[in-house]
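**Q** Got a structure for you, written out below as structure tokens; questions coming shortly.
The values are calculated or read from the model by the stated rules, or taken from the named source; none is laboratory data. Because the structure is predicted, anything quoted here is derived from the model rather than measured. Here the Cβ positions follow ideal geometry from the backbone for every residue, glycine too, while neighbour counts run over all protein chains shown. Quick note on the areas: whole protein, heavy atoms, side chains included, nothing else; ligands and nucleic acids left out. Shrake-Rupley method; radii C 1.70, N 1.55, O 1.52, S 1.80 Å.
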Amino acid sequence: MLPSSPVPQIPVVVLAGFLGSGKTTLLNHLLHRSGGSRIGAIVNDFGAIEIDAMAVAGALGDSTVSLGNGCLCCAVDSSELDSYLERLAAPSAGIDVIVIEASGLAEPQELVRMVLASEHPGIVYGGLVEVVDAAEFDATRARHPEIDRHLALADLAVVNKLDRAEDPERVLSAVRGLAERAAVVPATYGRIDPEFLFDCRPGEERIGQLSFDDLHQHDEAGEHDGHLHTAYDSVSFESGRALDPRALMRFLDSRPDGLYRIKGYVDFGPYDARNRYGVHAVGRFLRFYPEPWPTGAERLTQLVLIGSGIDAPALAKELAACESDAPHADEHGMWGVLRYVQGSEEEPPEAGV
């Protein structure tokens, strides 16, 4: 039985990494490069969080501070996590995505479990991001061998400070070997494309759906020239034909390591004529979100794929091979998709947790 259309849900992304890896720097980057999206940031530590050169005055404690740039930050003990998720998920807060910055000595697996265990209908787990200090990678592994386990759980591994590493390719290769189920993204100064984690909506409008803006648009011309993330590629796929769910799941199950992010909407045609399916993938993490077709909307599949070193024409060809003109659906065709729909009878795997 197909699930009923759920209430809108806010993705909750867990941002982890050992002390000094650059988590706060990365979070600050996300706060200032979020487009028109409003981020709720939960800091799993006591103290101040710097936003560029400006620090929030004093320790935040367990208070909530509303910042002028449209971001909401809380500093909390992990035992209070659920109450803060409830506060940030309130419609009045207007939050589009919640990022939990774990303490440098926190166990990310426990935070992930807490998010997955939350019964709040307005949130959904959005993946685990593990930040690695490339310059101190060997020393960190020696002091904290549990980093191997953390990377094995990650959906996205950010290898930060790569410009300071003596042998950056060796570090990248080592992280890829440990984070077998994650996409591995190189970075300097925590600068990654926010689109890897959430959908940045245009600042001048709120349209309640994914934005298919130019993925390489920057706030200032030339601002990121020479940075590693300028090498990211994107593939846009649009089709007026429905996709076969089994064929799409085969494509998703075999997606290449360099494919970091997939977002968009899928039309499964006769398999579910009432709903379109939003898709959100970060690394190996995958979710589908059924929602009713907007009145009068053209029934299209629209997908954007973001990665590095990907074969864009080949990926587009593989997606095109998923198109189907079958007039009828077989009763088991959607089973693979429903494993990744929260609340369906077939519950998706919990990101290795």
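**Q** Could you go through segment 66-82 and let me know if any residue there is modelled with pLDDT under 75, in a helix (DSSP H, G or I) and not charged (D, E, K, R).
**A** The answer is yes; a qualifying residue exists.
**Q** Out of (1) modelled with pLDDT under 90; (2) under 14 Å from the mean Cα position of the chain (by Cα), what's the single condition that is false for Gly309?
**A** Exception for Gly309: condition (2).
**Q** Please note which strands (runs of 3 or more DSSP E) are completely contained in segment 88-174 and include at least 1 residues that are at pLDDT 90 or above and of a type in the set (A, V, I, L, M).
**A** Fully inside segment 88-174 and qualifying: 123-133, 156-160.
**Q** Please specify each residue of segment 281-302 satisfying the condition of being open to solvent by 10 Å² or more (accessible area, probe 1.4 Å) and either free of Cβ contacts under 8 Å to residues at least 12 places away in the same chain or within 22 Å of Gly240 (Cα to Cα) (or both).
**A** Tyr289, Glu291, Pro292, Trp293, Pro294, Thr295, Gly296, Ala297, Glu298, Arg299, Leu300, Gln302
**Q** Looking only at segment 109-147, which residues are open to solvent by 50 Å² or more (accessible area, probe 1.4 Å) and within 20 Å of Pro186 (Cα to Cα)?
**A** Listed by number, the residues that qualify are Glu136, Asp138, Arg141.
**Q** Sticking with this structure for a sec: Please go through segment 274-327 and give me each residue that is part of a helix (DSSP H, G or I) and of a type outside the set (Asp, Glu), ordered by number.
**A** Ala312, Pro313, Ala314, Leu315, Ala316, Lys317, Leu319, Ala320 - these are the residues of segment 274-327 that are part of a helix (DSSP H, G or I) and of a type outside the set (Asp, Glu).
**Q** Still on this structure, I have one more. Using beta carbons and a limit of 6 Å, which pairs, at least six apart or on different chains, have the first residue in segment 79-97 and under 24 Å from Arg33 (Cα atoms) and the second one aromatic (Phe, Trp, Tyr)?
**A** Val97/Phe198
**Q** Does Ala329 meet the test of being in contact with a Phe, Trp or Tyr (Cβ under 9 Å, 6 or more places away or on another chain), open to solvent by 30 Å² or more (accessible area, probe 1.4 Å) and either closer than 20 Å to Phe196 by Cα or touching a residue at least 40 places away in the same chain (Cβ under 8 Å) (or both)?
**A** When the stated conditions are applied, Ala329 passes them.
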